[in-house]
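K.L.:
Handing you this structure, nothing more for now.
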Amino acid sequence: MAAVIDDADVKQKVDDLYARYAQSLCDGDLDAWPEFFVDDCLYKLTSRANYERNLAIGPIFSETKGALIDRTRALKTALVYAQRYVCYIVGSIRIVGRAPDKGWDTRSMFSAYQTFVDGDSKLMMCGRTFDRIVLDGNTAKFSRRVVVYDNERVPSAVVYPL
Amino acid sequence: MAAVIDDADVKQKVDDLYARYAQSLCDGDLDAWPEFFVDDCLYKLTSRANYERNLAIGPIFSETKGALIDRTRALKTALVYAQRYVCYIVGSIRIVGRAPDKGWDTRSMFSAYQTFVDGDSKLMMCGRTFDRIVLDGNTAKFSRRVVVYDNERVPSAVVYPL
Amino acid sequence: MAAVIDDADVKQKVDDLYARYAQSLCDGDLDAWPEFFVDDCLYKLTSRANYERNLAIGPIFSETKGALIDRTRALKTALVYAQRYVCYIVGSIRIVGRAPDKGWDTRSMFSAYQTFVDGDSKLMMCGRTFDRIVLDGNTAKFSRRVVVYDNERVPSAVVYPL
(Lines give C-alpha, C1' and ligand atoms only; values in the text may rest on other atoms or scores of the structure.)
Protein backbone atom coordinates (compact mmCIF):
# COMPACT_ATOMS: atom_id res chain seq x y z
CA MET A 1 0.00 0.00 0.00
CA ALA A 2 1.53 3.26 -1.11
CA ALA A 3 1.63 6.05 1.41
CA VAL A 4 -0.34 9.15 0.56
CA ILE A 5 2.22 11.78 -0.29
CA ASP A 6 1.41 15.42 -0.13
CA ASP A 7 2.54 17.42 -3.17
CA ALA A 8 3.90 20.38 -1.24
CA ASP A 9 5.83 17.97 0.96
CA VAL A 10 7.39 16.26 -2.08
CA LYS A 11 8.37 19.60 -3.61
CA GLN A 12 10.00 20.58 -0.31
CA LYS A 13 11.95 17.31 -0.21
CA VAL A 14 13.04 17.75 -3.85
CA ASP A 15 14.15 21.35 -3.28
CA ASP A 16 16.04 20.29 -0.18
CA LEU A 17 17.85 17.49 -2.04
CA TYR A 18 19.03 19.94 -4.70
CA ALA A 19 20.12 22.41 -2.00
CA ARG A 20 22.04 19.80 -0.01
CA TYR A 21 23.62 18.52 -3.21
CA ALA A 22 24.75 22.01 -4.25
CA GLN A 23 26.08 22.70 -0.76
CA SER A 24 28.10 19.49 -0.86
CA LEU A 25 29.58 20.27 -4.29
CA CYS A 26 30.51 23.78 -3.17
CA ASP A 27 32.09 22.45 0.02
CA GLY A 28 34.16 20.02 -2.06
CA ASP A 29 32.90 17.14 0.07
CA LEU A 30 33.68 14.28 -2.32
CA ASP A 31 32.89 11.49 0.16
CA ALA A 32 29.35 12.74 0.56
CA TRP A 33 28.66 12.76 -3.16
CA PRO A 34 27.70 9.10 -3.77
CA GLU A 35 25.35 9.23 -0.77
CA PHE A 36 22.98 11.43 -2.72
CA PHE A 37 22.24 8.44 -4.96
CA VAL A 38 20.46 5.12 -4.47
CA ASP A 39 22.47 1.96 -5.18
CA ASP A 40 20.86 1.27 -8.53
CA CYS A 41 21.41 4.61 -10.19
CA LEU A 42 22.46 6.26 -13.41
CA TYR A 43 24.76 9.28 -13.46
CA LYS A 44 25.68 10.95 -16.70
CA LEU A 45 27.51 14.18 -17.47
CA THR A 46 27.36 14.97 -21.15
CA SER A 47 27.37 17.83 -23.64
CA ARG A 48 24.15 19.14 -25.14
CA ALA A 49 25.36 18.33 -28.64
CA ASN A 50 25.77 14.66 -27.73
CA TYR A 51 22.60 14.55 -25.64
CA GLU A 52 20.47 15.82 -28.52
CA ARG A 53 21.92 13.19 -30.85
CA ASN A 54 21.35 10.40 -28.31
CA LEU A 55 25.07 9.73 -28.15
CA ALA A 56 26.12 8.07 -24.93
CA ILE A 57 29.61 9.49 -24.74
CA GLY A 58 30.42 12.11 -22.14
CA PRO A 59 33.01 12.94 -19.47
CA ILE A 60 31.25 10.85 -16.79
CA PHE A 61 28.95 7.84 -17.19
CA SER A 62 28.18 5.60 -14.21
CA GLU A 63 25.50 2.95 -13.85
CA THR A 64 25.75 2.10 -10.16
CA LYS A 65 26.51 3.86 -6.92
CA GLY A 66 29.65 1.72 -6.72
CA ALA A 67 30.95 3.44 -9.83
CA LEU A 68 30.36 6.81 -8.19
CA ILE A 69 32.36 5.69 -5.17
CA ASP A 70 35.14 4.55 -7.53
CA ARG A 71 35.12 7.97 -9.10
CA THR A 72 35.56 9.74 -5.77
CA ARG A 73 38.32 7.32 -4.79
CA ALA A 74 40.13 8.01 -8.06
CA LEU A 75 39.79 11.75 -7.45
CA LYS A 76 41.20 11.42 -3.96
CA THR A 77 44.03 8.97 -4.53
CA ALA A 78 44.91 8.42 -8.19
CA LEU A 79 44.18 11.31 -10.50
CA VAL A 80 46.49 14.28 -10.84
CA TYR A 81 44.84 17.63 -11.42
CA ALA A 82 45.07 21.25 -10.43
CA GLN A 83 43.30 22.03 -7.17
CA ARG A 84 40.11 23.98 -7.62
CA TYR A 85 36.92 25.13 -5.96
CA VAL A 86 33.55 24.61 -7.56
CA CYS A 87 30.60 26.95 -7.07
CA TYR A 88 27.32 25.48 -8.22
CA ILE A 89 24.22 27.66 -8.65
CA VAL A 90 20.94 25.89 -9.30
CA GLY A 91 17.62 27.40 -10.33
CA SER A 92 14.14 26.54 -11.54
CA ILE A 93 13.87 23.14 -9.91
CA ARG A 94 10.67 21.56 -11.12
CA ILE A 95 8.84 18.26 -10.81
CA VAL A 96 7.89 17.48 -14.39
CA GLY A 97 6.21 14.14 -13.89
CA ARG A 98 5.63 11.01 -11.94
CA ALA A 99 8.25 8.36 -12.69
CA PRO A 100 7.06 4.81 -13.45
CA ASP A 101 9.05 3.36 -10.51
CA LYS A 102 7.31 5.38 -7.78
CA GLY A 103 9.50 8.45 -7.96
CA TRP A 104 9.51 11.85 -9.63
CA ASP A 105 11.09 13.14 -12.77
CA THR A 106 12.58 16.52 -12.11
CA ARG A 107 14.54 19.15 -13.98
CA SER A 108 16.77 22.05 -13.05
CA MET A 109 19.00 24.68 -14.62
CA PHE A 110 22.49 25.45 -13.37
CA SER A 111 25.63 27.49 -13.76
CA ALA A 112 28.90 26.29 -12.27
CA TYR A 113 32.14 28.15 -11.69
CA GLN A 114 35.66 26.88 -11.20
CA THR A 115 38.25 28.77 -9.20
CA PHE A 116 41.90 27.79 -9.35
CA VAL A 117 44.32 28.55 -6.58
CA ASP A 118 46.06 31.46 -8.21
CA GLY A 119 43.30 32.62 -10.46
CA ASP A 120 39.89 34.02 -11.01
CA SER A 121 36.53 32.32 -10.98
CA LYS A 122 35.51 31.27 -14.45
CA LEU A 123 32.32 29.77 -15.78
CA MET A 124 32.91 26.03 -15.99
CA MET A 125 29.57 24.90 -17.36
CA CYS A 126 25.98 25.95 -17.64
CA GLY A 127 23.05 23.86 -18.64
CA ARG A 128 20.20 21.64 -17.60
CA THR A 129 19.71 18.50 -15.54
CA PHE A 130 17.17 15.74 -16.21
CA ASP A 131 16.78 13.79 -13.02
CA ARG A 132 14.76 11.13 -11.28
CA ILE A 133 14.25 11.27 -7.54
CA VAL A 134 12.99 8.56 -5.23
CA LEU A 135 12.39 8.38 -1.50
CA ASP A 136 14.88 6.18 0.34
CA GLY A 137 13.06 5.90 3.62
CA ASN A 138 12.25 9.52 4.31
CA THR A 139 15.20 10.92 2.37
CA ALA A 140 15.03 12.04 -1.25
CA LYS A 141 17.84 10.64 -3.41
CA PHE A 142 18.70 10.57 -7.08
CA SER A 143 18.02 7.35 -8.94
CA ARG A 144 19.03 9.11 -12.14
CA ARG A 145 20.93 12.30 -12.77
CA VAL A 146 21.74 13.46 -16.28
CA VAL A 147 23.69 16.70 -16.40
CA VAL A 148 23.68 18.30 -19.85
CA TYR A 149 26.00 21.26 -20.34
CA ASP A 150 25.61 23.74 -23.18
CA ASN A 151 29.29 24.47 -23.71
CA GLU A 152 30.98 21.95 -25.98
CA ARG A 153 34.38 23.08 -24.77
CA VAL A 154 34.92 22.83 -21.05
CA PRO A 155 37.68 25.13 -19.75
CA SER A 156 40.50 23.05 -18.24
CA ALA A 157 39.17 19.52 -17.62
CA VAL A 158 36.09 18.02 -16.00
CA VAL A 159 37.40 16.83 -12.67
CA TYR A 160 34.60 17.03 -10.16
CA PRO A 161 31.09 15.84 -10.93
CA LEU A 162 28.20 18.30 -10.89
CA MET B 1 -17.17 37.39 -6.63
CA ALA B 2 -13.46 36.87 -6.37
CA ALA B 3 -12.25 33.47 -5.27
CA VAL B 4 -10.36 33.31 -2.02
CA ILE B 5 -6.74 32.66 -2.96
CA ASP B 6 -4.29 31.22 -0.52
CA ASP B 7 -0.97 33.07 -0.37
CA ALA B 8 1.22 29.95 -0.32
CA ASP B 9 -0.71 28.63 -3.29
CA VAL B 10 -0.15 31.83 -5.24
CA LYS B 11 3.58 31.81 -4.46
CA GLN B 12 3.79 28.21 -5.65
CA LYS B 13 2.02 29.10 -8.92
CA VAL B 14 4.31 32.10 -9.43
CA ASP B 15 7.46 30.04 -8.76
CA ASP B 16 6.22 27.37 -11.13
CA LEU B 17 5.57 29.90 -13.90
CA TYR B 18 9.14 31.21 -13.62
CA ALA B 19 10.49 27.66 -13.61
CA ARG B 20 8.48 26.58 -16.65
CA TYR B 21 9.49 29.77 -18.42
CA ALA B 22 13.20 29.22 -17.72
CA GLN B 23 12.92 25.60 -18.80
CA SER B 24 11.33 26.65 -22.07
CA LEU B 25 14.00 29.28 -22.77
CA CYS B 26 16.77 26.78 -22.03
CA ASP B 27 15.13 24.17 -24.26
CA GLY B 28 14.98 26.72 -27.06
CA ASP B 29 11.26 26.06 -27.46
CA LEU B 30 10.31 29.23 -29.32
CA ASP B 31 6.75 28.16 -30.11
CA ALA B 32 5.97 27.79 -26.43
CA TRP B 33 7.19 31.28 -25.55
CA PRO B 34 4.07 33.38 -26.39
CA GLU B 35 1.90 30.92 -24.47
CA PHE B 36 3.37 32.17 -21.21
CA PHE B 37 1.56 35.46 -21.80
CA VAL B 38 -2.09 36.53 -21.82
CA ASP B 39 -3.41 38.12 -25.04
CA ASP B 40 -3.33 41.66 -23.71
CA CYS B 41 0.24 41.83 -22.52
CA LEU B 42 3.34 43.99 -22.46
CA TYR B 43 6.80 42.55 -23.07
CA LYS B 44 9.85 44.75 -22.87
CA LEU B 45 13.56 43.95 -22.92
CA THR B 46 15.61 47.02 -22.18
CA SER B 47 18.89 48.18 -20.68
CA ARG B 48 19.09 49.48 -17.12
CA ALA B 49 20.40 52.83 -18.34
CA ASN B 50 17.29 53.35 -20.48
CA TYR B 51 14.93 51.92 -17.88
CA GLU B 52 16.14 54.34 -15.22
CA ARG B 53 15.64 57.29 -17.58
CA ASN B 54 12.14 56.12 -18.56
CA LEU B 55 13.25 55.73 -22.15
CA ALA B 56 11.09 53.31 -24.08
CA ILE B 57 13.73 52.10 -26.49
CA GLY B 58 15.14 48.59 -26.15
CA PRO B 59 15.88 45.50 -28.21
CA ILE B 60 12.33 44.10 -27.82
CA PHE B 61 9.06 45.94 -27.19
CA SER B 62 5.74 44.19 -27.76
CA GLU B 63 2.27 45.26 -26.68
CA THR B 64 0.21 42.19 -27.53
CA LYS B 65 0.64 38.44 -27.59
CA GLY B 66 0.28 38.65 -31.38
CA ALA B 67 3.50 40.66 -31.51
CA LEU B 68 5.26 37.93 -29.51
CA ILE B 69 4.05 35.33 -32.01
CA ASP B 70 5.34 37.55 -34.84
CA ARG B 71 8.70 37.67 -33.10
CA THR B 72 8.97 33.89 -32.88
CA ARG B 73 7.88 33.56 -36.53
CA ALA B 74 10.58 36.02 -37.58
CA LEU B 75 13.16 34.07 -35.56
CA LYS B 76 12.12 30.82 -37.19
CA THR B 77 11.66 31.90 -40.81
CA ALA B 78 13.11 35.33 -41.59
CA LEU B 79 16.02 36.42 -39.45
CA VAL B 80 19.58 35.27 -40.06
CA TYR B 81 21.71 34.73 -36.98
CA ALA B 82 24.31 32.41 -35.53
CA GLN B 83 22.78 29.37 -33.85
CA ARG B 84 23.09 29.47 -30.08
CA TYR B 85 21.88 27.93 -26.86
CA VAL B 86 20.57 30.04 -24.02
CA CYS B 87 20.90 29.11 -20.36
CA TYR B 88 18.70 31.17 -18.07
CA ILE B 89 19.22 31.15 -14.31
CA VAL B 90 16.57 32.86 -12.20
CA GLY B 91 16.69 33.67 -8.51
CA SER B 92 14.92 35.58 -5.76
CA ILE B 93 11.43 35.44 -7.22
CA ARG B 94 9.21 37.59 -5.07
CA ILE B 95 5.64 38.82 -5.01
CA VAL B 96 6.03 42.52 -4.31
CA GLY B 97 2.40 43.59 -4.42
CA ARG B 98 -1.14 43.09 -5.50
CA ALA B 99 -1.74 44.44 -9.00
CA PRO B 100 -4.77 46.67 -9.54
CA ASP B 101 -6.22 44.31 -12.18
CA LYS B 102 -6.50 41.26 -9.89
CA GLY B 103 -3.00 39.92 -10.38
CA TRP B 104 0.36 40.14 -8.69
CA ASP B 105 3.40 42.31 -9.27
CA THR B 106 6.48 40.19 -9.04
CA ARG B 107 10.22 40.59 -9.41
CA SER B 108 13.16 38.33 -10.07
CA MET B 109 16.90 38.43 -10.69
CA PHE B 110 18.59 36.54 -13.50
CA SER B 111 21.79 35.68 -15.28
CA ALA B 112 21.72 34.34 -18.83
CA TYR B 113 24.43 32.65 -20.84
CA GLN B 114 24.80 32.21 -24.57
CA THR B 115 26.68 29.31 -26.10
CA PHE B 116 27.62 29.34 -29.76
CA VAL B 117 28.20 26.17 -31.75
CA ASP B 118 31.97 26.34 -31.81
CA GLY B 119 32.53 28.32 -28.68
CA ASP B 120 32.32 28.72 -24.99
CA SER B 121 29.43 29.80 -22.80
CA LYS B 122 29.53 33.52 -22.18
CA LEU B 123 27.44 35.73 -19.97
CA MET B 124 24.82 37.29 -22.23
CA MET B 125 22.97 39.43 -19.72
CA CYS B 126 22.29 39.76 -16.05
CA GLY B 127 19.69 41.89 -14.38
CA ARG B 128 16.23 42.18 -12.99
CA THR B 129 12.67 41.58 -14.16
CA PHE B 130 9.60 43.61 -13.17
CA ASP B 131 6.58 41.50 -13.97
CA ARG B 132 2.84 41.21 -13.54
CA ILE B 133 1.23 37.82 -13.29
CA VAL B 134 -2.44 36.92 -13.60
CA LEU B 135 -4.36 33.67 -13.41
CA ASP B 136 -5.72 32.51 -16.76
CA GLY B 137 -8.12 29.88 -15.48
CA ASN B 138 -5.87 27.94 -13.14
CA THR B 139 -2.64 28.78 -14.95
CA ALA B 140 -0.35 31.67 -14.02
CA LYS B 141 0.68 33.80 -17.00
CA PHE B 142 2.50 37.05 -17.55
CA SER B 143 0.39 40.09 -18.33
CA ARG B 144 3.52 42.20 -18.20
CA ARG B 145 7.18 41.28 -18.32
CA VAL B 146 9.88 43.93 -18.26
CA VAL B 147 13.40 42.52 -18.47
CA VAL B 148 16.06 45.06 -17.46
CA TYR B 149 19.66 44.04 -18.08
CA ASP B 150 22.61 45.71 -16.38
CA ASN B 151 25.08 45.42 -19.24
CA GLU B 152 24.75 48.22 -21.76
CA ARG B 153 26.71 46.23 -24.34
CA VAL B 154 25.25 42.86 -25.18
CA PRO B 155 27.79 40.41 -26.61
CA SER B 156 26.80 39.45 -30.16
CA ALA B 157 23.15 40.44 -30.70
CA VAL B 158 19.92 39.97 -28.78
CA VAL B 159 18.22 37.19 -30.72
CA TYR B 160 16.09 35.21 -28.32
CA PRO B 161 13.85 36.83 -25.73
CA LEU B 162 14.49 36.27 -22.04
CA MET C 1 7.29 30.94 26.58
CA ALA C 2 8.48 30.44 23.06
CA ALA C 3 5.90 30.68 20.32
CA VAL C 4 5.32 27.53 18.32
CA ILE C 5 6.82 28.18 14.92
CA ASP C 6 5.80 26.21 11.91
CA ASP C 7 8.73 24.93 9.84
CA ALA C 8 7.24 25.77 6.46
CA ASP C 9 6.50 29.26 7.73
CA VAL C 10 10.11 29.74 8.87
CA LYS C 11 11.45 28.53 5.52
CA GLN C 12 9.16 30.97 3.74
CA LYS C 13 10.39 33.84 5.94
CA VAL C 14 14.02 32.84 5.35
CA ASP C 15 13.54 32.60 1.57
CA ASP C 16 11.81 35.96 1.58
CA LEU C 17 14.65 37.60 3.53
CA TYR C 18 17.20 36.36 0.98
CA ALA C 19 14.98 37.53 -1.89
CA ARG C 20 14.45 40.99 -0.41
CA TYR C 21 18.16 41.25 0.32
CA ALA C 22 19.12 40.30 -3.25
CA GLN C 23 16.56 42.71 -4.63
CA SER C 24 17.97 45.51 -2.51
CA LEU C 25 21.57 44.80 -3.60
CA CYS C 26 20.53 44.70 -7.26
CA ASP C 27 18.62 47.98 -6.89
CA GLY C 28 21.71 49.57 -5.36
CA ASP C 29 19.66 50.69 -2.37
CA LEU C 30 22.49 51.30 0.08
CA ASP C 31 20.35 52.92 2.77
CA ALA C 32 18.21 49.80 3.02
CA TRP C 33 21.18 47.49 3.54
CA PRO C 34 21.78 47.85 7.32
CA GLU C 35 18.05 47.36 7.95
CA PHE C 36 18.39 43.69 7.02
CA PHE C 37 20.43 43.22 10.21
CA VAL C 38 19.64 43.32 13.91
CA ASP C 39 21.59 45.81 16.04
CA ASP C 40 23.91 43.23 17.54
CA CYS C 41 25.18 41.58 14.39
CA LEU C 42 28.27 40.29 12.67
CA TYR C 43 28.95 40.91 9.00
CA LYS C 44 32.00 39.47 7.33
CA LEU C 45 33.08 39.32 3.69
CA THR C 46 36.14 37.18 3.27
CA SER C 47 37.94 34.91 0.84
CA ARG C 48 37.64 31.15 1.02
CA ALA C 49 41.39 30.78 1.53
CA ASN C 50 41.24 32.96 4.66
CA TYR C 51 37.99 31.46 5.89
CA GLU C 52 39.39 27.93 5.78
CA ARG C 53 42.45 29.01 7.76
CA ASN C 54 40.31 30.83 10.35
CA LEU C 55 41.96 34.11 9.44
CA ALA C 56 39.83 37.08 10.33
CA ILE C 57 41.06 39.41 7.62
CA GLY C 58 38.78 40.26 4.70
CA PRO C 59 37.49 43.24 2.74
CA ILE C 60 34.62 43.91 5.18
CA PHE C 61 34.33 43.07 8.88
CA SER C 62 31.67 44.70 11.03
CA GLU C 63 30.50 43.79 14.50
CA THR C 64 27.47 46.03 14.92
CA LYS C 65 24.72 47.46 12.79
CA GLY C 66 26.25 50.89 13.46
CA ALA C 67 29.36 49.80 11.58
CA LEU C 68 27.17 48.80 8.62
CA ILE C 69 25.57 52.24 8.64
CA ASP C 70 29.06 53.78 8.74
CA ARG C 71 29.98 51.71 5.71
CA THR C 72 27.01 52.92 3.69
CA ARG C 73 27.74 56.52 4.73
CA ALA C 74 31.34 56.16 3.58
CA LEU C 75 30.14 54.72 0.27
CA LYS C 76 27.76 57.61 -0.24
CA THR C 77 29.86 60.54 0.91
CA ALA C 78 33.56 59.74 1.30
CA LEU C 79 34.87 56.95 -0.90
CA VAL C 80 35.83 57.49 -4.53
CA TYR C 81 35.13 54.60 -6.87
CA ALA C 82 33.88 53.83 -10.33
CA GLN C 83 30.10 53.66 -10.55
CA ARG C 84 28.79 50.16 -11.01
CA TYR C 85 25.72 47.96 -10.89
CA VAL C 86 25.67 44.73 -8.94
CA CYS C 87 23.59 41.72 -9.91
CA TYR C 88 23.31 39.13 -7.17
CA ILE C 89 22.00 35.63 -7.87
CA VAL C 90 21.31 33.42 -4.90
CA GLY C 91 20.52 29.72 -4.87
CA SER C 92 20.10 26.70 -2.60
CA ILE C 93 19.01 28.57 0.51
CA ARG C 94 18.83 26.08 3.33
CA ILE C 95 18.17 26.04 7.05
CA VAL C 96 21.00 23.91 8.40
CA GLY C 97 20.26 24.09 12.09
CA ARG C 98 18.69 25.73 15.03
CA ALA C 99 20.90 28.49 16.45
CA PRO C 100 21.50 28.56 20.22
CA ASP C 101 20.04 32.08 20.55
CA LYS C 102 16.57 31.21 19.21
CA GLY C 103 17.29 31.68 15.52
CA TRP C 104 18.30 29.58 12.55
CA ASP C 105 21.63 28.87 10.95
CA THR C 106 21.26 29.08 7.20
CA ARG C 107 23.45 28.74 4.14
CA SER C 108 23.25 29.81 0.52
CA MET C 109 25.29 29.84 -2.66
CA PHE C 110 25.66 32.90 -4.84
CA SER C 111 27.16 34.42 -7.95
CA ALA C 112 27.49 38.18 -8.27
CA TYR C 113 28.21 40.31 -11.32
CA GLN C 114 29.52 43.81 -11.62
CA THR C 115 28.70 46.09 -14.52
CA PHE C 116 30.61 49.29 -15.08
CA VAL C 117 29.18 52.26 -16.93
CA ASP C 118 31.02 51.73 -20.20
CA GLY C 119 31.60 48.02 -19.96
CA ASP C 120 30.34 44.53 -19.85
CA SER C 121 29.00 42.50 -16.95
CA LYS C 122 31.76 40.49 -15.32
CA LEU C 123 31.66 37.92 -12.59
CA MET C 124 32.61 39.72 -9.39
CA MET C 125 32.47 36.85 -6.94
CA CYS C 126 30.94 33.47 -6.43
CA GLY C 127 30.77 31.49 -3.25
CA ARG C 128 28.86 30.58 -0.15
CA THR C 129 27.25 32.36 2.76
CA PHE C 130 27.06 31.10 6.35
CA ASP C 131 24.34 33.04 8.08
CA ARG C 132 22.25 33.27 11.20
CA ILE C 133 18.70 34.57 11.02
CA VAL C 134 16.45 35.70 13.84
CA LEU C 135 12.93 37.04 14.00
CA ASP C 136 12.76 40.73 14.87
CA GLY C 137 9.05 40.91 15.67
CA ASN C 138 7.57 39.21 12.62
CA THR C 139 10.44 40.10 10.28
CA ALA C 140 13.40 37.83 9.57
CA LYS C 141 16.77 39.58 9.87
CA PHE C 142 20.41 38.59 9.84
CA SER C 143 22.17 38.43 13.18
CA ARG C 144 25.21 37.04 11.37
CA ARG C 145 26.19 37.02 7.73
CA VAL C 146 29.50 35.57 6.60
CA VAL C 147 30.07 35.82 2.85
CA VAL C 148 32.88 33.57 1.64
CA TYR C 149 33.97 34.04 -1.97
CA ASP C 150 35.95 31.44 -3.88
CA ASN C 151 37.98 33.84 -6.00
CA GLU C 152 41.09 35.08 -4.24
CA ARG C 153 41.42 37.93 -6.71
CA VAL C 154 38.41 40.19 -6.96
CA PRO C 155 38.22 42.11 -10.25
CA SER C 156 38.46 45.86 -9.58
CA ALA C 157 37.78 46.47 -5.88
CA VAL C 158 35.16 45.35 -3.39
CA VAL C 159 32.98 48.40 -3.05
CA TYR C 160 29.46 47.27 -2.27
CA PRO C 161 28.69 44.60 0.30
CA LEU C 162 27.04 41.37 -0.80
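K.L.:
Give me the percent relative contact order of the stretch B:89-151, please, defined on Cα pairs under 8 angstrom at least 6 residues apart.
P.N.:
On the way: 126 pairs, mean separation 16.5, N = 63.
Contact order relative to length: 26 percent.
K.L.:
Under 8 Å for C-alpha pairs, at least 6 residues apart: give me the relative contact order for the stretch A:72-122, rounded to a whole percent. Could you put the intermediate results ahead of the total?
P.N.:
Numbers: 61 pairs, mean separation 18.2, N = 51.
In percent, rounded to a whole number, it is 36.
K.L.:
Further question on the same structure: To the nearest 500 deg cm²/dmol, what mean residue ellipticity at 222 nm is calculated for the protein assembly as shown from DSSP H runs of n ≥ 4 alone, each contributing -39,500 (n - 2.57), summed and divided by the residues?
P.N.:
Only helices count here, giving -7000 deg cm²/dmol.
K.L.:
Give me the accessible area buried between chains B and A, both sides summed, with a 1.4 Å probe, in Å² rounded to the nearest 100.
P.N.:
Using a 1.4 Å probe, the pair buries roughly 1700 Å².
K.L.:
At 7 Å along Cα-to-Cβ for each site, give me the label-to-label distance between residue B:32 and residue A:32 in nm.
P.N.:
Computed distance between label sites residue B:32 and residue A:32 equals 3.2 nm.
K.L.:
With the Cα gyration tensor of the stretch C:43-162 in hand, convert its eigenvalues to equivalent ellipsoid semi-axes via √(5λ) and list them largest first in whole Å.
P.N.:
So the three semi-axes of the stretch C:43-162 are 25, 17, 15 Å.
K.L.:
If the label for residue B:117 sits 7 angstrom from Cα along the Cα-to-Cβ line, what are its distances to the same label in every other copy, in nm to one decimal, shortest first?
P.N.:
The projected label point of residue B:117 is separated from its counterparts by 4.1, 4.1 nm.
K.L.:
Semi-axes of the equivalent ellipsoid of the protein assembly as shown: what are they in whole Å, largest first, if each equals the square root of 5 times a C-alpha gyration tensor eigenvalue?
P.N.:
In descending order, the three semi-axes are 30, 30, 26 Å.
K.L.:
With the cut-off at 28 Å, tell me which of the pairs C:13/C:44; A:13/B:13; B:44/C:122; A:13/A:65; A:13/C:44 have Cα atoms farther apart than that.
P.N.:
From the list (C:13/C:44; A:13/B:13; B:44/C:122; A:13/A:65; A:13/C:44), the Cα-Cα distance tops 28 Å for A:13/C:44.
K.L.:
Measuring from a point 7 Å out along Cα→Cβ, what nm distances, shortest first, does residue A:56 have to its partners in the other copies?
P.N.:
5.8, 5.8
K.L.:
Another question about this same structure. Counting only protein heavy atoms, what percent of the accessible surface of the protein assembly as shown is carbon or sulfur at a 1.4 Å probe?
P.N.:
Summing carbon and sulfur atoms, their accessible area is 51 percent of the total for the protein assembly as shown.
K.L.:
Suppose every Lys and Arg Cβ carries +1 and every Asp and Glu Cβ carries -1, with no other charges. What dipole size does the protein assembly as shown come out with about its Cα centre, to the nearest 20 debye?
P.N.:
740 debye
K.L.:
On the full set of protein chains, 1.4 Å probe, figure out the accessible area of residue A:43 and give it in Å² to the nearest 10.
P.N.:
0 Å²
K.L.:
Further, regarding this structure: Measuring from label point to label point, each 7 Å out along Cα→Cβ, what is the residue C:130 to residue B:16 span in nm?
P.N.:
Inter-label distance under the simple model: 3.8 nm.
K.L.:
Restrict the search to the stretch A:15-110; then list the trypsin sites (Lys or Arg not before Pro) that DSSP places in a loop and that have at most 13 other Cβ atoms within 10 Å of their Cβ.
P.N.:
Filter output for the stretch A:15-110: A:53, A:102.
K.L.:
A follow-up question, please. Once label points are set 7 Å from the Cα along Cα→Cβ at both residue B:60 and residue B:157, what is their separation, rounded to one decimal in nm?
P.N.:
1.5 nm
K.L.:
So which cysteines in the protein assembly as shown don't have a second cysteine's C-beta under 4.7 Å from them?
P.N.:
Isolated Cys, the protein assembly as shown: A:26, A:41, B:26, B:41, C:26, C:41.
K.L.:
Comparing the chain by itself with all protein chains present, which residues of the stretch C:20-36 are at least 20 Å² less accessible (probe 1.4 Å)?
P.N.:
C:20, C:23, C:26, C:27
K.L.:
Right, next: Given label points at 7 Å from Cα along Cα→Cβ, what nm distances, shortest first, separate residue B:138 from the same residue in every other copy?
P.N.:
Spacings between copies for this position, smallest first, are 3.1, 3.1 nm.
K.L.:
Just flag the GluC sites (Glu not before Pro) in the stretch C:32-115 sitting in loop per DSSP whose Cβ has no more than 12 other Cβ atoms within 10 Å. The partial results should precede the final answer.
P.N.:
Working: sites: C:35, C:52, C:63; in loops: C:63.
Within the stretch C:32-115, the qualifying GluC sites (Glu not before Pro) (loop, at most 12 other Cβ atoms within 10 Å) are C:63.
K.L.:
Between residue A:83 and residue A:7, what is 0.36 nm times their sequence separation minus the Cα-Cα distance? Round to one decimal in nm.
P.N.:
Result for the pair: 23.2 nm of gain on full extension.
K.L.:
Short version: which residues of the stretch C:74-118 lose at least 50 Å² of accessible area, all chains versus chain alone, 1.4 Å probe?
P.N.:
Relative to the lone chain, where solvent access is computed with a 1.4 Å probe, the stretch C:74-118 loses at least 50 Å² at C:85, C:87, C:89, C:92, C:94, C:107, C:109, C:113.
K.L.:
So what is the relative contact order of the stretch A:1-142, in percent, for Cα pairs below 8 Å that sit 6 or more residues apart?
P.N.:
20 percent.
K.L.:
Using amide H atoms built in the peptide plane, which far-off residues or other-chain residues are under 5 Å from residue C:125 H to H?
P.N.:
Under 5 Å from the amide H of residue C:125 lie the amide H atoms of C:112, each far enough along the sequence or on another chain.
The values are calculated or read from the model by the stated rules, or taken from the named source; none is laboratory data. Remember, it's a predicted structure, so these values are computed and weren't measured experimentally. In this analysis, Cβ positions are derived from the backbone assuming ideal geometry, glycine residues included, and neighbour counts consider all displayed protein chains. To get the accessible areas, we keep the full protein, side chains included, count just its heavy atoms, and leave off ligands, DNA and RNA. Shrake-Rupley method; radii C 1.70, N 1.55, O 1.52, S 1.80 Å.
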